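Take a look at the structure set out below.
The values are calculated or read from the model by the stated rules, or taken from the named source; none is laboratory data. Fair warning: this is a prediction, and the values are worked out from it, not measured in the lab. Cβ placement follows ideal geometry from the backbone for every residue including glycine, while neighbour counts extend to all protein chains displayed. Ligands, DNA and RNA are stripped out before the accessible areas are found, and what is left, the full protein with its side chains, is counted by its heavy atoms. Shrake-Rupley method; radii C 1.70, N 1.55, O 1.52, S 1.80 Å.
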Amino acid sequence: QVQLVESGGGLVQAGGSLRLSCAASGRTSSIYAMGWFRRAPGKEREFVAAISGIGGTTSYTDSVKGRFTISNNANNMMYLQMNSLTPDDTAVYYCAARRAGGAFYYWGPGTQVTVSS
């Protein structure tokens, strides 16, 4: 099993920045890739960004490209640097992890990000 815990959410004004962190524990050697997802009020959960391996290939949803940066390190930490935030980025942000060849299976409880206009 893998346990994930997010931190770093909060309230920020439009144009501001936040850095989310995700701490992984347990059988972290089984993790192939990690990612960030978000669920805005009244909407479905959506993919935000993902990273494979340690500092490996990254991918982003179009709406955050150029504003968000995903990263991780060998200490089982993953980050999401979020710049130029807008009210549309308001959501609960979830950390997720998956094994090779599988779907995202492990999820954190989420952290709230609220961007005021």
Could you work out how far apart the two model spin labels at Q3 and I54 are, taking each label as a point 7 Å from the Cα in the direction of the beta carbon, and quote it in nm?
2.2 nm
Got a sec? Which residues in the stretch 71-90 would a label at D62 touch, if it sits 7 Å along Cα→Cβ and we count backbone N under 18 Å?
88-89
Accessible area per residue for the chain in Å², computed with a 1.4 Å probe and the full protein assembly in place, what is it?
52 Å²
Counted charge near Y105, where neighbours are those whose Cβ lies closer than 11 Å (Asp, Glu -1; Lys, Arg +1):
+2
Quick check: net charge around T90, other residues with Cβ under 11 Å of its Cβ, Lys/Arg +1 and Asp/Glu -1?
+1
Net charge over other residues, Cβ less than 14 angstrom from the Cβ of S116 (K, R count +1; D, E count -1)
-2
Computing the accessible area with a 1.4 Å probe over protein heavy atoms, can you report the carbon and sulfur percentage for the chain?
48 percent
In nanometres, what is the gap between the two model label sites at N83 and E46, each 7 Å from Cα along Cα-to-Cβ?
2.2 nm
